[in-house]
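Peer 1: Sharing a structure below in structure tokens format, with a few things to ask.
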Amino acid sequence: MTSTPEFIQVRTEGRVGIVTLYRPKQLNALNDQLIDELGAALKAFDADEAIGCMIVTGSEKAFAAGADIGAMASYSFADVYQGDYITRNWETIRQIRKPVIAAVSGFALGGGCELAMMCDFIIAADNAKFGQPEIKLAVIPGAGGTQRLPRAVGKSKAMDMVLTGRMMDAQEAERAGLVSRVVPLDKLQDEALGAALTICNYSLPSVLAAKESVNRAFEGGLSDGVMFERRLFHALFATADQKEGMAAFVEKRKPEFRHC
Ligand code: CAA
């Protein structure tokens, strides 16, 4: 990154890159600058050979309370359409090839819920609350909420959330499949870090292929997805790490991956 970011904090723990959203007074409301800073930080980690996995997190009270309502309240259609405001650069996050875990505590509403869903999986604290309340503002989700939420929780619950604007607590989110695990609030960061460190210890080519292949399940048909997965599965036999991983199993020892 070229300049010091204002609305995020960036640090590393071993091979894990951690980005903390940091606009505490606005409950991490997401403006264009924050999204640009987040995208730049994730891209820098993606390009960094010393990093194998990333975590995006917020504060105890809010992962993010959505797009910045104050900033967009007076925009006209021409402003947002021509300038691609509010949602500009959100898709940068989808270009990240290494895994990105969302560690969510507190509110993940509107764009905050959408941002969490853009990550590869969500680990939630027991105080997390998810929702797409845009209907209350006379708009609809604008960063993928109407597309990713039904894929995550099914049509009925997604319609319920998007049409009523109600919040879902962490337990409901886990039952519905929106989050992969729920942990006590004081364990959230350790749990996310533990998952990230586990992933970092695997061979990076297989991690990238696994992420790419699971993502195919969201975007295409079953036959194409299965064929795509098979090609990547076969391709991984070209890596040194596949030889090491399987030899280590046969020889009953720990593998030493070189990420190639
Ligand atoms: N944008 C801008 N500011 C926000 C914000 C947002 N999305 N959410 C909270 N804030 C600000 C509040 O205005 C308040 O600021 P002040 O102290 O200066 O008044 C501060 O954060 C604290 O918020 P509250 O006093 O409201 O805190 P609370 O605990 O009573 O309520 C809340 C918390 C339920 C999250 C409530 O703040 C809320 O409903 N926020 C809006 C949620 C929302 O509608 N999100 C969707 C936005 S639209 C969107 O995201 C579009 C998209 O898809 C891309």
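Just so you know, all these numbers are worked out from the coordinates, no wet-lab data involved. Bear in mind the structure is a predicted one, so any value in this text is a computation, not a measurement. Positions of Cβ are backbone-derived with ideal geometry, glycine not excepted, and every protein chain shown enters the neighbour counts.
Peer 1: May I ask you to derive the FRET efficiency for residue 185 and residue 84 from their Cβ-Cβ distance with R0 = 30 Å, giving the value to the nearest 0.05? Please report the intermediate quantities before stating the final value.
Peer 2: Numbers: r = 36 Å, r/R0 = 1.20.
Calculated transfer efficiency: 0.25.
Peer 1: For labels at residue 92 and residue 44 in the simple 7 Å Cα→Cβ model, what's the distance in nm?
Peer 2: 1.1 nm
Peer 1: How much length would be gained if the chain were fully extended between residue 244 and residue 76, taking 0.36 nm per residue of separation minus their Cα-Cα distance, in nm to one decimal? Intermediate results must be reported in sequence, preceding the final value.
Peer 2: Working: separation 168, 0.36 × 168 = 60.48 nm, distance 5.78 nm.
Using 0.36 nm per residue and subtracting the Cα-Cα distance, I get 54.7 nm.
Peer 1: Compute the long axis of helix 32-47 from its Cα atoms, compare it with the longest principal axis of the Cα atoms of the chain, and write down the angle in degrees, 0 to 90, nearest 10.
Peer 2: The answer is roughly 0 degrees.
Peer 1: Which lysines does residue 129 reach when only Cα atoms under 20 Å apart count, and residues fewer than 8 places away in its own chain are ignored?
Peer 2: By straight Cα distance, residue 129 reaches 25, 61, 155, 157, 187.
Peer 1: Something else about it: Amide H of residue 53 versus every other amide H placed in the peptide plane: which residues, excluding those fewer than 5 positions away on the same chain, fall under 5 Å?
Peer 2: 17
Peer 1: Which lysines, on any chain, are close to residue 254 with Cα under 21 Å apart, when same-chain ones fewer than 8 places away are left out?
Peer 2: By straight Cα distance, residue 254 reaches 243.
Peer 1: Still on this structure, please answer the following. Give the long-range amide H neighbours of residue 121: residues separated by 5 or more places, or on another chain, with amide H under 5 Å away, using H modelled in the peptide plane at 1.01 Å from N.
Peer 2: 100, 102
Peer 1: To continue, here is another question. Determine the shape class of the stretch 6-198: with a ≥ b ≥ c the square roots of the Cα gyration tensor eigenvalues, call it rounded for a/c under 1.5, and otherwise prolate if a/b is greater than b/c, oblate otherwise. Display every interim value, and only then the final one.
Peer 2: Values: a/c = 1.70, a/b = 1.18, b/c = 1.44.
The shape class here is oblate.
Peer 1: Continuing with the same structure: Measure nothing fancy, just the Cα-based angle from helix 204-219's long axis to the longest principal axis of the chain, in degrees from 0 to 90, nearest 10.
Peer 2: 50 degrees
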